[in-house]
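Rule-based calculations on the coordinates, nothing more; no lab input. Please read these numbers as outputs of a predicted model, since none were measured by experiment. For neighbour counting, all protein chains shown are included, and Cβ atoms are generated from backbone atoms with ideal geometry for every residue, glycine included.
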Amino acid sequence: MTGKARFAFYVLAFGYAFLYLPIALVMVYSFNESRLVTVWAGFSLKWWAALFANEAMLSAAWLSLRIAAVSASAATVLGLAAGYALARAPNFFGRTLFGSLIVAPMVMPEVVMGISMLLLFIGAERLMGGPDRGFLTIAIAHTTFGLAFVAIVVQARLADFDRSLEEAAMDLGATPWITFRTVTLPLIAPAIGSGWLLAFTLSLDDLIMTQFVSGAQSQTLPMRVYSSVRLGVDPQINVLATIVVVVAASTLIVSGWLTRRRA
């Protein structure tokens with residue numbers, strides 16, 4: 001191994017260690033006997049049992065999962081429509097403004113979006129009597145920035161799409177809708193699935209915007225974790241982080257396997 005290759009290897013190893021070693025330590029210390037998260041006192045599963053007996057944490061996790069599923073599904077439908085319009089109708093009136101509005105949630109600070117959504121819901125509550133801040137308002141807020149990522153992923157996939165397949169289907173008598181449903185949609189399904197997973201992850205992880213649009217009785221998992229670590233890191237947080245890492249890694253592995261199989 002040459003000097004340059006050795007240096008590149010060390011830099012790469014340091015980068016991976018810097019990123020993943022803390023996560024590995026969190027997973028190891030989730031099996032710690034001690035309440036101190038930095039002192040190893042032996043192997044134990046008591047904090048796992050404590051987490052699954054923590055009704056407040058489980059309730060927050062269930063709420064976050066439901067919100068993430070609803071907002072990701074809504075963002076996928078809207079993002080698919082927006083990405084398709086941007087990719088297949090490049091010359092319609094107002095395209096530049098429409099594209100800018102789609103991308104805006106990706107670059108706008110979450111504090112600004114949170115304040116704007118809060119003012120929107122307050123105004124809607126005064127004018128129409130609702131919706132009350134809670135599950136619905138959080139799902140709507142998460143959908144607004146989730147659809148931006150879905151639209152970008154779908155637009156990028158359609159940019160290098162072989163349109164001769166669609167033209168062949170229409171030459172054989174298929175209507176535009178049948179062509180989209182039987183040819184286009186199956187071929188861009190991996191991109192749609194990736195967009196859904198991305199929107200789901202962003203919703204599950206969001207804290208700043210959620211704090212603005214949530215009600216007093218709607219505390220998501222990030223909000224619960226943030227409020228608990230302010231008083232000190234509880235070992236149950238290590239257990240929760242381990243579960244999240246395992247689920248996320250499993251989802252990525254399954255997604256990659258499905259993508260390779262479809263290819």
Distance (nanometres) between label positions extended 7 Å along Cα→Cβ at residue 181 and residue 4: 5.7 nm
Picking from 236, 76, 40, whose Cα lies most toward the positive end of the charge dipole for the chain (charges on Cβ: Lys, Arg +1; Asp, Glu -1)? 40
In Hz, Karplus ³J(HN,Hα) per residue of segment 196-208 (6.51, -1.76, 1.60; θ = phi - 60°; x = Gly, Pro): 5, 4, 5, 5, 4, 5, 5, 5, 5, 9, 6, 10, 5
Which whole-Hz ³J(HN,Hα) couplings does segment 120-125 yield from phi under the Karplus relation 6.51 cos²θ - 1.76 cosθ + 1.60, θ = phi - 60°, glycine and proline marked x? 4, 6, 5, x, 5, 5
If you stretched the chain out fully between residue 241 and residue 39, how much longer would it get, using 0.36 nm times the residue separation minus the C-alpha to C-alpha distance? 70.9 nm
Check each of the trypsin sites (Lys or Arg not before Pro) in segment 1-82 and keep only those in coil by DSSP with at most 15 other C-beta atoms within 10 angstrom; list them in order. 35
Report the label-to-label distance for residue 92 and residue 46 in nanometres (one decimal), using points 7 Å from each Cα along the Cα→Cβ vector. 6.2 nm
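Please tell me the relative contact order of the chain in percent, rounded to the nearest whole number, where contacts are Cα pairs under 8 Å and at least six residues apart. Could the numbers behind the result be given before it?
Numbers: 272 pairs, mean separation 79.8, N = 263.
RCO, the chain: 30 percent.
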HN-Hα J in Hz across segment 218-234 - Karplus 6.51, -1.76, 1.60, θ = phi - 60°, x for Gly and Pro: 10, 10, 7, 4, x, 5, 5, 5, 4, 5, 7, 6, 5, 9, x, 7, 7
Quick one: Debye curve from the alpha-carbon atoms of the chain only, equal weights, vacuum; give me log10 I(q)/I(0) at q = 0.11, 0.15 Å⁻¹ to two decimals. -0.81, -1.18
Spatial separation of Cα centroids for segment 189-261 and segment 84-140, in angstrom: 22 Å
Rounded, prolate or oblate: which one fits segment 1-145, using the alpha carbon gyration tensor with axes a ≥ b ≥ c (rounded when a/c is under 1.5, else prolate when a/b beats b/c, else oblate)? oblate
Within segment 64-105, DSSP-loop chymotrypsin sites (Phe, Trp or Tyr not before Pro) with at most 10 other C-beta atoms within 10 Å are 92, 93
Amide H of residue 32 versus every other amide H placed in the peptide plane: which residues, excluding those fewer than 5 positions away on the same chain, fall under 5 Å? 44
Loop only by DSSP, 11 or fewer other Cβ within 10 Å of the Cβ. Give me the trypsin sites (Lys or Arg not before Pro) in segment 179-263 that pass, ordered by residue number. 230
